[in-house]
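This report refers to the structure that appears directly beneath it.
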């Protein structure tokens, strides 16, 4: 199947047509075929924007207008002193470089944490491979795979549903609808149907809230609907924070005011008071350098850095320093916790049995003759894979 075929409207086709298009079957793919397709299509993950080198990150710290003004002030300070008094220039340069180093360090630290979170949030998928169900990393899914879904699962790829037993999927991230969509394979979907109306499809990163189903993977990676959104986000322009906008405005006002005052001082000294032009030029430049608040960027950086340290102690990640101020002015954050703020896993910590509270690791002598235990064992769909791992609903 070519990449052009990935753009097909699979929701308008019958399962038989899709199996033929994808060269797949109800028995699933073999491990060899899956590996081959993985090499052809790539991993089932969203592409990241172009990563910046350490040097580029360092140089970007100097894009701020206030920093540029400080660098100009440092140069002028050296020029006006004839190279003899460079103490002010060195102090200014030290402030700027320390500010840049800290900015790069903070950004790198945040990127490492974000990468760790991404690896944690990558859901596993129950896939029919080599004739039996196995659990694989969702990044290894390929078109043609058959995946089983249950309540609590995160849909690992865009899929055409083959079975849907009371299946409901929450697709708010794609459609904005807070109510889960009930999937129905008997409805004929029109070619111009929106995402919310494609009731025979399951989309990557949506959450199964009820029931169970079986789906045939048709799109992975950047060809999924969420991949399309990710592509648009990569092309979006960055927006400055309110603090950065205010600092830029202040920098412009200061620059214009300092230039006007220096020019007026030079004109008055030379043309009205009759002073030496070179001496008056040095005086005007010295006045301009003195008027620049070289401590402002340092103070702002220190305050924001302290803010990031406070957030870090509370396990919050800040990628860029100015974002601290934006977060500080935020009143409400709305988020779905399952699989986003949590790992979508449940763990038994303690067991209360026969009047005794036991730790999860302790052995408890139980017999299957107990009606409650028999009900717990039989009334769930949890299975054990070939590696001895449990597969099923986290609640069960």
Report task. Please state which one of 157, 115, 172, 125 is in contact with a helix residue (DSSP H, G or I) (Cβ under 9 Å, 6 or more places away or on another chain) and at pLDDT below 90. Result -> 125
Query raised in the report: Does the stretch 347-357 include one or more residues that are surrounded by 11 or more Cβ atoms within 10 Å (Cβ to Cβ), modelled with pLDDT of 80 or more and more than 30 Å from residue 137 (Cα to Cα)?
Result: yes
Query raised in the report: Taking residue 303 and the conditions (1) more than 16 Å from the chain's Cα centre (by Cα); (2) modelled with pLDDT under 75, which numbered condition does it fall short on, given that it satisfies the others?
Result: (2)
Report task. Among the helices (runs of 4 or more DSSP H) lying completely within the stretch 1-103, list those that include at least 2 residues that are out of contact with any strand residue (DSSP E or B) (no Cβ under 8 Å at 6 or more places or on another chain), buried (at least 16 other Cβ atoms within 10 Å of the Cβ) and modelled with pLDDT under 75. Result -> 65-80
Requested in this report: Write out, first by first residue and then by second, each pair whose Cβ atoms fall under 7 Å of each other, whose residues are 6+ apart or on separate chains, and whose first residue, in the stretch 265-288, is assigned by TED's automatic domain parsing to the domain that holds residue 86 and under 11 Å from residue 76 (Cβ atoms) while the second is surrounded by fewer than 18 Cβ atoms within 10 Å (Cβ to Cβ) and at pLDDT 85 or above.
Outcome: 287/261
**Report entry** Selection count where residues are part of a loop (DSSP other than H, G, I, E, B), over 30 Å from residue 195 (Cα atoms) and either modelled with pLDDT under 75 or in contact with a helix residue (DSSP H, G or I) (Cβ under 7 Å, 6 or more places away or on another chain) (or both), scope the stretch 221-276
**Finding:** 3
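The values are calculated or read from the model by the stated rules, or taken from the named source; none is laboratory data. Just so it is clear, the model here is predicted, and its values are computed rather than measured. We place every Cβ from the backbone using ideal geometry, glycine too, and count neighbours over all the protein chains shown.
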